[in-house]
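Novice: I am attaching a structure below and will ask some questions about it afterwards.
The values are calculated or read from the model by the stated rules, or taken from the named source; none is laboratory data. Keep in mind that what you see is a predicted model, and the values were worked out from it rather than measured. FYI the Cβ positions are ideal-geometry reconstructions off the backbone, even for glycines, and counts take in every protein chain you see. For the accessible areas, the whole protein counts, side chains as well, though only heavy atoms, and no ligand, DNA or RNA atoms are used. Shrake-Rupley method; radii C 1.70, N 1.55, O 1.52, S 1.80 Å.
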Amino acid sequence: MPAPDYTRSRAYRAAACTHLPFGVSSTPRGRQSPVPVVIEEAQGVHLTDLDGNRYIDFTLGYGPLLLGHTPDCVQAAVTREMARGLRTATVHRGEAALADLLADCVPTAEQTAFVTTGTEAVQLALRIARAATGRLRIAKFRANYHGWIDNVHVAGAPDNDGPCTIGQDPAASANVVLFDWGDAAQLAALDSSFAAVILEPAAINPGCFAPPPGFLDAVRTMTRQHGIVLIFDEVITGFRLGLGGAQQRYGVLPDLTVLGKVLGGGLPIGAVTGRRDIMHDVATGRLLHRGTFNGNPLSLAAGFAAISHLRTHATTLYPRLDAMAAELCAHVNTQAMRAGVAACAQAVGSAVQLFVGTKGLTCISDLTQVDRAETARLTDALLQRGIYALPRGLMYLGTPHDDTDMATTRHALSEALETLRTPPTRQGP
Ligand SMILES: Cc1ncc(COP(=O)(O)O)c(C=O)c1O
């Protein structure tokens, strides 16, 4: 097939790098190959780039855009809100409205504190846990991602416990103890010196792993036994695995939950929600919860509109998305076998992970089998066929994806998997 024309995206990147480091505002976006395509317009789940190439979007803003790029309910809410003035950093009725709605949707959402990103929400949750327990140590699981702040931005891969980037302060993670996600036996190392255990209840960032049977129950039992605050990081799973997130899906209730992404309806947001007694220090003002843009009216209005929509349609919308994701995985697994390439897909809810280099994984430590370069080659091949997925192989489904989109995507996946039969052209030394 003829290679798409990326002339304008290439020219933009070259020029953008003059004053914009790496030509982007978040490093992973700059890693898209053969060039980060510059998106000019989005409609539903369809994108058009600067060169006029069209894509079916499966990145969905790295997850938040469960309702696509142009949901009517969010656009109407933001337009209404704009007309009332920005009211940044004022007290406004949208704050309690969204907190009340959360209490209705998320099993443990007794009290909610808003911030602007998931990264900030994680930091606030850890602070609340330390204040509530008077302890410092935090248990974190390898390859789980909790934002880019130095203390938790460590052990990004199962075989590397260090900082995820240069420039981090190693001392910041001195109180962070690492565990292997999914391994209940290791939890015996928890004791009453820990303030919090934080984890992705379904490990989407490592590659869409569902929790092994009994694992979340074991985490809950051990944290309760030692008076440790259990924090579910549901920045991705919240409102994606269902209205009540992973905690509802798996029936295990954390003390605190970190939310973001879908909660903002596509606008920036983060939140910590949870038990009233644990949120007590925030409620009294003893624990400082700060941030100019916290609870900004536009994000809260967008979030309220999106979550209300999800609540109204939850019984049909989530089963449909889950079924579409399962079908996509089955297609990849069948086609990979047919093409004779070591590749596979697995999904949790409507998040799908493509892997090349392995025919199946059982746990996070199996990630060492994955060929990251070949996985990126697969997503490159998809991009050329008009399918926009994250270069690490993650694909998010959204409500606007329709049967035609999915048929086009399956066809593109079949072709892209075939391309892997040709050995990669390796760069010289
Ligand atoms: C599980 C999880 N926690 C926290 C974060 C950080 O959220 P944000 O990018 O909004 O700071 C992310 C971001 O992808 C995430 O996936």
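Novice: Which residues, taken from the range 209-242, are among the charged types (D, E, K, R) and either under 16 Å from the mean Cα position of the chain (by Cα) or assigned to a strand (DSSP E or B) (or both)?
Specialist: D233, E234, R240
Novice: So which of E200, E234 ends up being within 16 Å of the ligand (Cβ to nearest atom), touching a Gly at 6+ places or on another chain (Cβ under 8 Å) and charged (D, E, K, R)?
Specialist: Of E200, E234, the one residue that is within 16 Å of the ligand (Cβ to nearest atom), touching a Gly at 6+ places or on another chain (Cβ under 8 Å) and charged (D, E, K, R) is E234.
Novice: Would you please list the contacts, defined by Cβ atoms under 8 Å and residues six or more apart or on different chains, that run from a residue in the range 285-298 that is at positive phi to a residue that is open to solvent by less than 50 Å² (accessible area, probe 1.4 Å) and in a loop (DSSP other than H, G, I, E, B)?
Specialist: Cβ pairs passing all conditions: G291/T116; G295/H92.
Novice: Additional query: On the basis of being within 16 Å of the ligand (Cβ to nearest atom) and not in a helix (DSSP H, G or I), does G291 make the cut?
Specialist: yes
Novice: Which of (1) open to solvent by 30 Å² or more (accessible area, probe 1.4 Å); (2) in contact with a Ser or Thr (Cβ under 9 Å, 6 or more places away or on another chain); (3) part of a helix (DSSP H, G or I) does T368 not meet, given it meets every other one?
Specialist: Single failed check for T368: (2).
Novice: Here are I138, I166: which of them is within 15 Å of the ligand (Cβ to nearest atom) and either farther than 29 Å from G285 by Cβ or over 18 Å from the mean Cα position of the chain (by Cα) (or both)?
Specialist: The unique qualifying residue is I138.
Novice: With respect to L65, determine if the residue is touching a residue at least 24 places away in the same chain (Cβ under 8 Å), within 16 Å of the ligand (Cβ to nearest atom) and either part of a loop (DSSP other than H, G, I, E, B) or small (G, A, S) (or both).
Specialist: When the stated conditions are applied, L65 passes them.
Novice: Consider the range 99-135. How many of its residues are of a type outside the set (D, E), open to solvent by 40 Å² or more (accessible area, probe 1.4 Å) and at negative phi?
Specialist: Counting residues in the range 99-135 that are of a type outside the set (D, E), open to solvent by 40 Å² or more (accessible area, probe 1.4 Å) and at negative phi gives 10.
Novice: Taking the condition of being closer than 24 Å to L259 by Cβ, of a type outside the set (A, V, I, L, M, F, W, C) and open to solvent by less than 70 Å² (accessible area, probe 1.4 Å), how many residues in the range 136-174 meet it?
Specialist: Result for the range 136-174: 10.
Novice: Also, I was wondering about something else. Considering each of G285, G266 in turn, give the residue that is in the same structural domain as F215 (by TED's automatic domain parsing), open to solvent by 30 Å² or more (accessible area, probe 1.4 Å), within 16 Å of the ligand (Cβ to nearest atom) and under 19 Å from E95 (Cβ atoms).
Specialist: Going through G285, G266 in turn, the sole match is G266.
Novice: Continuing with the same structure: State all residues of the range 57-85 that are more than 19 Å from G398 (Cα to Cα) and in contact with a Pro (Cβ under 7 Å, 6 or more places away or on another chain); if no residue qualifies, say none.
Specialist: E81
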